[in-house]
Amino acid sequence: DGGITQSPKYLFRKEGQNVTLSCEQNLNHDAMYWYRQDPGQGLRLIYYSQIVNDFQKGDIAEGYSVSREKKESFPLTVTSAQKNPTAFYLCASSISRAAMNTEAFFGQGTRLTVV
Amino acid sequence: AQSVAQPEDQVNVAEGNPLTVKCTYSVSGNPYLFWYVQYPNRGLQFLLKYITGDNLVKGSYGFEAEFNKSQTSFHLKKPSALVSDSALYFCAVRANTNAGKSTFGDGTTLTVKP
């Protein structure tokens with residue numbers, strides 16, 4: 001089955017700790033995205049990547065970092081600089097960012113909680 | 001700047017009745033409009049999209065949406081609601097004047113009661 005896999009489904013972080021969320025896709029898509037979802041606020045773009053070894057900041061990139069070393073993988077690190085990291089994180093992909101009439105495919109999400 | 005408004009946080013309908021989830025947008029240039037559905041603790045699933053052509057778009061699970069350029073709206077509709085349609089619905093817009101960035105609405109929770 002083609003799709004996007006996010007892991008883990010639930011993640012707990014201690015104060016001051018960095019954590020990495022995994023996102024893998026086998027759809028052969030060029031573009032990948034990370035969104036943060038908070039109750040009543042819809043989706044906010046954290047980072048996106050249009051191609052391997054390239055990524056750009058989204059609207060709320062502070063306290064987050066990403067890498068795109070392989071086409072299939074786009075991990076997100078939530079650093080200790082992110083003051084309010086408790087949220088539901090969604091990874092998505094699309095054929096390419098330039099193909100603006102194409103829909104995005106989403107993973108099942110990772111719920112991060114600070115303890 | 002582009003934006004999407006979903007004016008209703010919550011929509012309640014009885015099973016078998018028609019449903020409408022509203023979406024209005026603001027964008028420079030021609031819009032590409034999308035509807036997604038999200039079930040609890042899951043990712044978003046694509047329902048349908050408007051690119052060009054016929055203003056009435058049909059999608060998955062019997063949903064359809066009508067693009068109205070003059071009212072800048074893209075309301076989601078279904079003639080007969082099912083209890084299983086209960087979920088969170090998101091409208092999204094992209095435009096070729098904004099480097100392909102997608103903007104999502106805040107979502108509307110649809111509850112269908114038996």
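The values are calculated or read from the model by the stated rules, or taken from the named source; none is laboratory data. Predicted, not measured: the structure shown is a model, and the values here were computed from it. Here the Cβ positions follow ideal geometry from the backbone for every residue, glycine too, while neighbour counts run over all protein chains shown. Surface accessibility is based on the protein's heavy atoms, side chains included, excluding ligands, DNA and RNA. Shrake-Rupley method; radii C 1.70, N 1.55, O 1.52, S 1.80 Å.
Counting heavy atoms of the protein chains alone, B:THR72 has an accessible area of about 50 Å² for a 1.4 Å probe.
Given +1 at the Cβ of Lys and Arg, -1 at the Cβ of Asp and Glu and no other charges, the dipole of chain B around its Cα centre is 240 debye to the nearest 20.
Of B:PHE46, A:PHE105, A:PHE74, the residue with the largest accessible area leads and the full order is A:PHE105, B:PHE46, A:PHE74 (1.4 Å probe).
With N residues in segment B:20-100, what two-decimal value do you get for its Cα radius of gyration over 2.2 N^0.38 Å?
Normalised Cα radius of gyration, segment B:20-100: 1.10.
Once both labels are positioned 7 Å from their Cα atoms along Cα-to-Cβ, the gap between B:THR72 and B:ASN30 label points is 1.9 nm. Annotation for segment B:43-107: trypsin sites (Lys or Arg not before Pro) lying in DSSP loop with at most 14 further Cβ atoms inside 10 Å of their Cβ are B:LYS69. For the protein assembly as shown, the calculated P(r), taken from all Cα-Cα distances in 5 Å bins from zero up to the bin holding the longest distance, is 1, 7, 14, 18, 19, 16, 12, 7, 3, 1, 0 percent. Extending 7 Å from the Cα toward the beta-carbon at both A:GLU15 and A:THR86 defines two label points whose distance is 1.3 nm. Of the GluC sites (Glu not before Pro) found in segment A:1-79, those in coil by DSSP whose Cβ has at most 15 other Cβ atoms within 10 Å are A:GLU15, A:GLU62, A:GLU69. Seen from A:ARG44, the other residues with C-beta closer than 10 Å to its C-beta sum to a net charge of -1, counting Lys and Arg as +1 and Asp and Glu as -1.
The modelled label-to-label distance for the pair B:TYR39/A:ILE95, using points 7 Å beyond Cα in the direction of Cβ, is 2.8 nm. Given a 1.4 Å probe and the protein chains as shown, A:LYS57 ends up with an accessible area of around 140 Å². How big, on average over all directions, is the shadow cast by the Cα convex hull of segment A:14-115, in nm²? Projected over every direction and averaged, the Cα hull of segment A:14-115 covers 6.3 nm².
Over segment B:21-114, Cα pairs under 8 Å with separation of 6+ residues give a relative contact order of 31 percent.
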